[in-house]
Every structure is written in structure tokens, then in C-alpha cells.
1. So for the stretch A:3-16 (the condition being surrounded by 14 or more Cβ atoms within 10 Å (Cβ to Cβ) and either closer than 21 Å to residue A:175 by Cα or more than 9 Å from chain B (Cβ to nearest Cβ) (or both)), does at least one residue qualify?
2. With respect to residue B:155, is the statement that it is touching a residue at least 40 places away in the same chain (Cβ under 8 Å) and over 30 Å from residue A:169 (Cα atoms) true?
3. Please pick out the residue among B:67, B:105 that is at the interface with another protein chain (Cβ under 9 Å from one of its Cβ atoms), within 17 Å of residue B:166 (Cβ to Cβ) and assigned to a helix (DSSP H, G or I).
4. Among the numbered conditions (1) crowded, with 23+ Cβ neighbours inside 10 Å; (2) in contact with a strand residue (DSSP E or B) (Cβ under 9 Å, 6 or more places away or on another chain); (3) under 18 Å from residue B:50 (Cα atoms), tell me where residue A:145 comes up short.
5. Condition first: facing chain A (nearest Cβ under 10 Å), over 18 Å from the mean Cα position of the chain (by Cα) and either free of Cβ contacts under 8 Å to residues at least 60 places away in the same chain or within 20 Å of residue B:189 (Cα to Cα) (or both). Can you find one or more residues in the stretch B:20-41 that meet it?
6. Scan the stretch A:48-63 and tell me whether some residue there is assigned to a helix (DSSP H, G or I), more than 7 Å from every other protein chain (Cβ to nearest Cβ) and either surrounded by 15 or more Cβ atoms within 10 Å (Cβ to Cβ) or out of contact with any strand residue (DSSP E or B) (no Cβ under 9 Å at 6 or more places or on another chain) (or both).
7. Quickly run through the stretch A:19-35 and pick out the residues that are surrounded by 14 or more Cβ atoms within 10 Å (Cβ to Cβ) and over 27 Å from residue B:145 (Cα atoms).
8. Every residue in the stretch B:86-113 that is surrounded by fewer than 18 Cβ atoms within 10 Å (Cβ to Cβ) and more than 12 Å from residue B:127 (Cβ to Cβ), please.
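Any read-out appearing in this document is the output of simple, stated calculations on the displayed coordinates, not a laboratory observation. Remember, it's a predicted structure, so these values are computed and weren't measured experimentally. Here the Cβ is made from the backbone with ideal geometry for all residues, glycine too, and neighbour counts use every protein chain on show.
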């Protein structure tokens, strides 16, 4: 039938390794550059994964110029600056607090929801925040799917980043992600333990 | 060197299609069962992707018995019941409000954070909520990586699900995800539009 019927086995073990079992957060990056076309491709891949009502609240700022990096680095927690300093790109992942403006384009059947969201900042923060975080998960795996390394960091001055980069816009920073290629030495730290299924999974 | 150095190109196009470009939310599932071992494997894959401070707040309840499904279906929004009724499994994704209890095991270097989180419910909800949503994104792609179809649904009675399945525990439901194999007919609806890079991506 269609290509949708041709993948009963999912990913092979090397693809699973690249995304999950063998992928590590990178501590030090090589100087190998990442092009703007590669960065755009990250979105072109990640955007297909699902969001609540297809509303896609995630927005991306790729900081890769010397000037941009100079503005961003002081706003990261001190312990995170070294890692970001070696990365050719640091992405700021934001949620758009006016994601509902896209309803006519992405979810026209929800036109009744548009004025409701417009008048309810808490609902926007909750709904947009959840789907933007889902999309951040997709994005980290999309970076890896493209053969790049991703190093997400939650420790930074969100209000400072919003003031420096998003003043006068509806973008609200949520996470920063270093993107690049691993250094040939000291790229990785030993992996930290993950919870076992018996601590996480139940059945009913 | 190690396997970590052997994947400069990331996933091939068929693997990218299986996860992103060709993957659709399933509306109707086939009766093909999904085993408890397959469901456990979803966690064994998704758990390797990163969370803030490695705290892994996501918890999973896989509802697949006739009795469990009877308890869950009435708590879904009416429009979502048909889809869930054909799925062999519906997963309830929750965040553990006591995720900080695992700090000695998963992030011993953060022992100072444990009492802080214990005394600050808002910080737990924010920190745990964000990483649990990131992990929900990983999980949806892990389902697909295993050759299964995922159908996430945000519309359900969270308080009702918590009372029915998580009473007396620290689990808080956030999302439900149908899991199974696509039906041979009517499995998919036409795909809804995604935002273009020019609406989502900026550079600095």
C-alpha cells in the first residue's frame, strides 16, 4: 500500500543507538561548523511530530554568530558556560505565548478556541508550555537523527534571555541546547544512571 | 574509537520517515496485540534521553486489560473514546510529584536539592512538569522506533484519572497515548499542516 505500511520493525539497532541507547550529552565540542541549512533541517524534521491540537508552540533561536554568543554566554549559569563556549551553535528553545494566532493556519477547525486562548494567559502558558516541551524532546532527538550532538541545559537566566533576545515579542525562553560535533577528546562524561522499568512502569 | 564516533550521518531516510516525516497519529488500530515485554521496552529505550539534572520524573501506566480499559475509557473526552477503544493499549503518562526521592540514586551530586524540592511544591511541579513533558516527547518517538504506532491525546479528565488509578500515590497524569498497530483501513486522517521554518526559526 503506502510507505506507512512498510515499517513494522521500526528502527534498527544502530539507529536506536544513535538516538537513545548510545547517545550522550556532549561536554566539549569540536570546531566543526554547523550550517544554517543544517539548523533549518532540524525544524523541518522535528515539526512533523505531534502536538496538542496541532498548535506547535515551539520557536527556535539559533545563536551562532560571535556577537550573538557574546550576548548569550553571560546569561547562562556559570557551570554551563564552558560547554556552550565550545559549541558552534547554542539554540534557545522558546514557547510562543501567541501560538494561538496560528490557529487559522494549523487548526482551522478550532477557530472557537482562538478567542478563548486570547483572553486566558494561564491556559496559554499551560497548553503552550506542555506542547513546547514535548517539541523540545522531539527536537533533541531530531538533532541526533541528523548526525549532530545535542547538549540541553536548563540552567540559565530566562528573564535575562527574554529581555536580551525576545524583547517586544511573545517568545518566552524555556531551554537552551548546545548543537555541534563532539570533540575528539573529553567529549563525554560517564553516563548517569537511569531508572529501571520496575520503578517507572505499571500495568492495569 | 568507540561506537560514539561511528555515526556522523545520523539516521537514514527510512528511519527519519518512521519517526518524523512519514509518521502519523493513528485513528483506528488493528487487533494485533502488544506484549508487556514490548511495553517495557518502550521505557528501556526512552529512558536514555536527557532530563534536567537526570531526574527522570516521567512515570508510565500501561492500561491493557479489559477491566483497566473499562475504568479508563469513560474518563477520556468523548471524541477520544473511539480511538482509544480500538487501541490494544492506552498509556497514561504521569509525572511523579516525588521524583526528588530518586536523587540519591540518579543524581547523588544534587543531595542538597532534595530538601529544597521537598519543601517547594511549585518548584516540583515546574521542574518535574517540564522534564516529564520532554520525556513524553521521547516516549512517543520511542514507540515509533519500536515499530509501533502512537496516538497521543491531551483531552481527558486528569483529576478523574488520578483518583481512579493513582489515589494515594504521587503520580499526576499529564497525557494519554494510544499504542498499537494501525488498522488496515481508516487508520489515518489527512495530515494537518505544519509551520514553516520562516515562522519558527530565527538566527542570531
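1. No - not one qualifying residue is present in the stretch A:3-16.
2. Answer is no for this residue.
3. B:67
4. In the conditions (1) crowded, with 23+ Cβ neighbours inside 10 Å; (2) in contact with a strand residue (DSSP E or B) (Cβ under 9 Å, 6 or more places away or on another chain); (3) under 18 Å from residue B:50 (Cα atoms), residue A:145 misses (2) alone.
5. Scanning the stretch B:20-41 turns up at least one residue that is facing chain A (nearest Cβ under 10 Å), over 18 Å from the mean Cα position of the chain (by Cα) and either free of Cβ contacts under 8 Å to residues at least 60 places away in the same chain or within 20 Å of residue B:189 (Cα to Cα) (or both).
6. yes
7. Of everything in the stretch A:19-35, those that are surrounded by 14 or more Cβ atoms within 10 Å (Cβ to Cβ) and over 27 Å from residue B:145 (Cα atoms) turn out to be A:28, A:29, A:30.
8. Residues satisfying the conditions are B:98, B:101, B:104, B:105, B:108, B:109, B:111, B:112.
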